[in-house]
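Okay, structure first, notes after.
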Amino acid sequence: MTDVNRRKLLTVCALAPFGLAIASKFGFGAEGGNTKTSDVKPVAFETAKGSAASRRFPNVEVINHEGKKLRFYDDLIKDKMVMINFFYAKCDKFCPIQTANLVKVQKLLGDRVGRDIFMYSLTLKPEEDSPEALNHYVMMNDIKPGWQLLTGRPGDMEELRVKLGFRDSDPEIDKDKSNHIGLVLFGNDKLNRWTGCPAASSPQEIVREVLWLDEAIPSSGD
């Protein structure tokens, strides 16, 4: 996708709050679908400008894998470049594959992770995934600093899932956590640029998309 096409897509796709629920229309679908990653292109969009951006992120309290309490927007998103995905520690279907893929992304990004790019994995099962369980997951998967695993109150984590768009339009599919949408959302809050792609995309492609968001490219015209 060229920069010109990206800019046009960002201009026309001023979607509802992080409307990744429309991802199925772009071929993403739930993780259990038959879509081939190689056939899928990222969907990019931007949020409202200024203070409206913060209202789109629930500023709920979350707890990271080290037991530190944080405010989701104020401490983790505001003015940062971020990558966000959902998972749960005991998932044995797709999460291990996606986590391994994102570990490769972290290695490719090097010391930028934790310095000016921040990675967050939010649990879908906060009732099971305590900070201790998440810390064990970090060690087992060789996750390095700069990538935080997050849990919190079940209602707050569900609000984040819904508001960030990690949901399926079919309620029967949506309630099955093993079929959670396998996307990674990444963006630059300072520039109000956001894009998403399958978490199983090639690590090199994910890195290209993330680094593109670091460029101060006008979102209208060319």
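Under 9 Å by Cβ, and 6 or more places apart or on different chains, what pairs join a residue from segment 113-136 that is farther than 21 Å from LEU160 by Cα and at pLDDT below 95 with one that is surrounded by fewer than 16 Cβ atoms within 10 Å (Cβ to Cβ) and acidic (Asp, Glu)?
These pairs meet every condition: ASP116/ASP214.
Applying the selection to segment 90-129, what residues are touching a strand residue (DSSP E or B) at 6+ places or on another chain (Cβ under 7 Å) and not in a helix (DSSP H, G or I)?
VAL113, ASP116, ILE117, PHE118, MET119, TYR120, SER121, LEU122, THR123, LEU124, PRO126, ASP129
State yes or no: is MET139 at pLDDT 95 or above and either more than 25 Å from ASP75 (Cα to Cα) or surrounded by fewer than 17 Cβ atoms within 10 Å (Cβ to Cβ) (or both)? Steps first, please.
Values: at pLDDT 95 or above: yes; either more than 25 Å from ASP75 (Cα to Cα) or surrounded by fewer than 17 Cβ atoms within 10 Å (Cβ to Cβ) (or both): yes.
Yes: the conditions hold for MET139.
Could you please tell me which pairs satisfy a Cβ distance under 6 Å, a separation of 6+ or placement on different chains, a first residue in segment 91-109 that is surrounded by fewer than 16 Cβ atoms within 10 Å (Cβ to Cβ), and a second residue that is in a loop (DSSP other than H, G, I, E, B)?
Final answer for the pair search is none.
Please verify whether ARG153 is touching a Gly at 6+ places or on another chain (Cβ under 7 Å) and farther than 16 Å from PHE87 by Cβ, treating the condition exactly as stated.
The answer is no for ARG153.
Among residues belonging to segment 159-169 that are surrounded by fewer than 16 Cβ atoms within 10 Å (Cβ to Cβ) and in contact (Cβ under 8 Å) with a residue 24 or more places away in the chain, point out the one that is nearest to LEU102 (Cα to Cα).
Result: GLU159.
Among residues belonging to segment 142-158 that are surrounded by 14 or more Cβ atoms within 10 Å (Cβ to Cβ) and assigned to a loop (DSSP other than H, G, I, E, B), point out the one that is farthest from the chain's Cα centre (by Cα).
Ranking the candidates gives ARG153 first.
The values are calculated or read from the model by the stated rules, or taken from the named source; none is laboratory data. Owing to the predicted nature of the structure, the values given are computational and were not obtained by experimental measurement. Reconstructed Cβ throughout: ideal geometry from the backbone, glycine too, with neighbour counts over all protein chains shown.
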